[in-house]
1. Grab the eigenvalues of the alpha-carbon gyration tensor for segment 9-186, scale each by 5, take roots, and send me the semi-axes largest first in whole angstrom.
2. When DSSP assigns beta bridges and you keep just the ones with both residues in segment 9-186, what percent turn out antiparallel, to the nearest 5?
3. Pull out a ≥ b ≥ c, the square roots of the eigenvalues of the alpha-carbon gyration tensor of segment 148-232, then state rounded if a/c is under 1.5, prolate if not and a/b is larger than b/c, and oblate in the remaining case.
4. Give me the three principal axis extents of segment 198-256 from the C-alpha atoms, as integers in angstrom, largest value leading.
5. Quick check on the exposure proxy: order Lys69, Lys215 from fewest to most C-beta atoms within 10 angstrom.
6. So if I take the centroid of the Cα atoms in segment 151-188 and the same for segment 99-140, what is the distance between those two points in Å?
7. Kindly identify segment 139-191 as rounded, prolate or oblate by the Cα gyration tensor criterion: order the square roots of the eigenvalues as a ≥ b ≥ c, call it rounded if a/c is under 1.5, otherwise compare a/b with b/c, prolate if a/b is larger, else oblate.
8. If Lys and Arg each add +1 and Asp and Glu each add -1, what is the summed charge of the other residues whose beta carbon sits under 11 Å from the beta carbon of Ser234?
Amino acid sequence: MNVQLNRPVVFLDLETTGLSLTQDRIVEIAMLKVMPDGTSQKKRKLINPEKKIPAEVSAIHGITDEMVKDAPLFKVAANEIRQFMDNADLAGYNSNKFDWPLLMEEFLRAGLDFDMTGRKLLDVQKIYHMMEPRTLSAAYKFYCDKELENAHSAEADVNATWEVFKSQLQKYEKLGNTIESVMQFIGEEEIVDFARRIVMENGKETFNFGKHKGKTVEYILMNEPSYYDWMMKSDFAMHTKQKLTEIFSRTMLKNLK
């Protein structure tokens, strides 16, 4: 089945120094940009994370300190990476919970804003877990009848994700064959911050952790403004702090009226 695209879609996979959004860094990025006419472009880069890659992590993705010592820093490659994703929807495998949040952190650390407005965030894993709960390797075997060689190589994983997605559309007619029809089926997450410290509940931004979990951010900022200062000084993701500041500014402005 041909995938009908109204705009380009970029499939992303990252290999990193670990799983922390605030402490870990990208060591490899692979992107596959699929155009509405069916053509595609690829971009892959090793990135110097400016920190040691733990041996146990290298054992998983095969990338060592020696391999990235002469690679560009993320801040050097950031603009090129951002331009590759211009005017495109975004996709990946487990990407909404890890790859895009971590990439956003890297952009912010590099002093670049990455506008998510109007972009679809397609997580192929979500389709898979709804239909056939498995790993990417099993998904590749199940949908494509192929063995995934070099699993945990960003380039192999991102290509496999694209192939799995196309096979999912062929297998499940109810998904349709557009990004929009798929998102309508699996549901779109209303993301406030990628680390999900703040979520939308009943149309309002709400804390999703700690002593104020379940309370609206606006209410806490109005009644306990010191909580804002505490969060800004604490080890929260930069994207969380950016969104908190936006809500804080909006709340203070409303108070002045």
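Throughout, read-outs are computed from the coordinates displayed, never taken from laboratory work. In this text the structure is predicted, and so the values were computed from the model without any measurement. Don't worry about glycine lacking a Cβ; one is built from the backbone with ideal geometry, like all the others, and counts go over all protein chains shown.
1. On the way: eigenvalues 145, 75, 37 Å².
Values for segment 9-186, descending: 27, 19, 14 Å.
2. Within segment 9-186, antiparallel bridges account for around 65 percent of the total.
3. Numbers: a/c = 4.83, a/b = 2.07, b/c = 2.33.
Since a/c reaches 1.5 but b/c is at least a/b, the shape of segment 148-232 is classed as oblate.
4. 30, 23, 19
5. Working: Lys69 9, Lys215 16.
Fewest-to-most ranking of Lys69, Lys215: Lys69, Lys215.
6. Taking the Cα centre of each part, segment 151-188 and segment 99-140 sit 12 Å apart.
7. Numbers: a/c = 3.06, a/b = 1.58, b/c = 1.93.
Here segment 139-191 falls in the oblate category.
8. Numbers: positive: Arg197, Lys233, Lys241; negative: Asp229, Asp235.
Charge balance in the 11 Å sphere: +1.
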